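Please read the structure below before turning to the comments.
The values are calculated or read from the model by the stated rules, or taken from the named source; none is laboratory data. Predicted model, so just to flag it, every value in this text is computed and none were measured. With ideal geometry, Cβ positions are generated from the backbone for all residues, glycine too; neighbour counts draw on all protein chains shown. Accessible surface is based on the protein model in full, side chains and every heavy atom, while ligands, DNA and RNA are left aside. Shrake-Rupley method; radii C 1.70, N 1.55, O 1.52, S 1.80 Å.
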Amino acid sequence: MTELNQTHDPKRRSWVASANGHSDFPIQNLPIGVFSPPGSTERRGGVAIGDMVLDLAAAAEAGLFAAAARDAAEAPAAGSLNGFFALGPEPRRALRLRLAEILDADGHDGRRAEAIAGHLLHRGADCTLHLPARVGDYTDFYVGIHHATNVGKVFRPDNPLLPNYKHVPIGYHGRASSIVPSGTAVRRPSGQTKAPDADDPTFGPCRRLDYELELGIWIGDGNDLGDPIPIAEADRHIAGFCLLNDWSARDIQGWEYQPLGPFLAKNFASTVSPWVVTPEALAPFRRAQAPRPDGDPKPLPYLWDDRDQREGALDLELEVLLLTPGLTEKGLPPHRVALSSTRYMYWTVAQLVAHHSANGCNLQPGDLFGSGTISAPEATGFGSLLESTRGGQAPIRLASGEERRFLEDGDEVILRARTPESGTAARIGFGACRGRIVAAAPQ
Ligand code: CA
């Protein structure tokens, strides 16, 4: 895991004024992404700093980087971060150290960069943010044990978790082509459904459209086909983190999922937040994995690493907000549907990497993992409407007078992640992961 260094110093301030006290992107964060400057369609590597985006190629051209940091700054040249991810941790760490120097309010390098700020910075609100990488493969896990229990209860009240859950990090292969960046409209899917009391299925727009609150994990340097990644080395293969909304069509899912699992209920869209928050930025927020309750099995040796158990969990507050047309019309703020935390993950991200590659499956730079829906134990922290409204039986009532059982056209779902209040580290956040539902395609 990453050691703490001067880049984590909570007292550090930037000459980019909006970074100081910024809820997501203070100088201690420095997430990487792909953006187009105002009025351009060219895709460039960038770093979020306060309300601004630092253009990495422009900073490299200005001679602000050398050696490994320069390699990292120039790697996003092709308009995606795949090459940057492939470099592995050392150049990424060198870039972070150097970025912290050139964005620092004090010191020679900061003043040198500030003098040419007009060449380096764009207002974030004026930029277009893209998917950070070409996603080769997307895998969705199921590590939120409270979500798995809540969903399992619907089908098996006495025995909600299947016998494999505490032994195997459950996952399935998702669809990469429909992963979209925050802000992309999500078209209501149509599909085949069958009501429990109906004799025959029908085809039409989804009527039980839902979101799923998930942590996204970007894979960095990969492994060769046939060569598993040992759990003790898994961290070296993780390039960073994002938010992931795994949109789900519950009525389509209920009819199609047996015997092979999710298919068209899940692959019509998955939304990610555009900034890649690095493992280095999250180093102050690593925690011990919560001890398993008495009676739970110890993971098999290939999933067990003492250091991972001591430091492999993440402490991030996760939030789901819902903005409906009624709230917007009345000038009301988004409604908070859930507040959860990555502390409720039953498996660590290192365990996911070790498990995925244990059979020799090769991971590649730009692969994306979803954690699975992360629900808190209590109803105020459920990460899907399926849980929050008990399958539509208990609607959410909004200040606008509206109620919601599932998502309606015009609704916008906003996911957020932020590190908790801490006396020793600056809080950082992920930026928003947003998507608005638009009407189904005409039949
Ligand atoms: Ca999911």
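Structure notes:
- Our summary gives the chain a relative contact order of 21 percent, counting only alpha carbon pairs under 8 angstrom and 6 or more residues apart.
- Long-range amide H partners of Gly183 with built H, under 5 Å: Arg434, Gly435
- Karplus-derived HN-Hα couplings along segment 214-219 (A = 6.51, B = -1.76, C = 1.60, θ = phi - 60°), whole Hz, x at Gly and Pro: 9, 8, x, 10, 8, 7
- Surface composition of segment 27-137: carbon and sulfur make up 50 percent of the accessible area, probe 1.4 Å.
- Every helix of 4 or more DSSP H residues in the chain counts as -39500 (n - 2.57), and over all residues that averages to -5000 deg cm²/dmol at 222 nm.
- Net +/- balance of residues flanking Ile219 in space, Cβ distance below 10 Å, scoring K and R +1, D and E -1: -3
- In order along segment 364-377, the Karplus-derived 3J(HN,Hα) couplings, from 6.51 cos²θ - 1.76 cosθ + 1.60 at θ = phi - 60°, round to 10, x, x, 5, 10, 10, x, 5, x, 4, 10, 9, 7, x Hz, and Gly and Pro are given as x.
- Rolling a 1.4 Å probe over the heavy atoms of the protein chains gives segment 348-394 an accessible area of 27 Å² per residue.
- HN-Hα J in Hz across segment 62-75 - Karplus 6.51, -1.76, 1.60, θ = phi - 60°, x for Gly and Pro: 7, x, 7, 10, 9, 6, 4, 5, 5, 4, 5, 5, 8, 5
- Lys pairs, the chain - Cα-Cα below 27 angstrom, 8 or more residues apart or on other chains: 7
- Positive minus negative residues near Ser371 (Lys, Arg vs Asp, Glu; Cβ under 10 Å): -4
- Global form of segment 1-93, assessed from the alpha-carbon gyration tensor, a/c cut-off 1.5: oblate
- Long-range HN-HN contacts of Leu363 with modeled amide H, under 5 Å: Asn223
- Euclidean distance of C-alpha centroids, segment 4-77 and segment 197-243, integer Å: 27
- Percent accessible area from carbon and sulfur atoms, segment 258-379, protein chains only, probe 1.4 Å: 56
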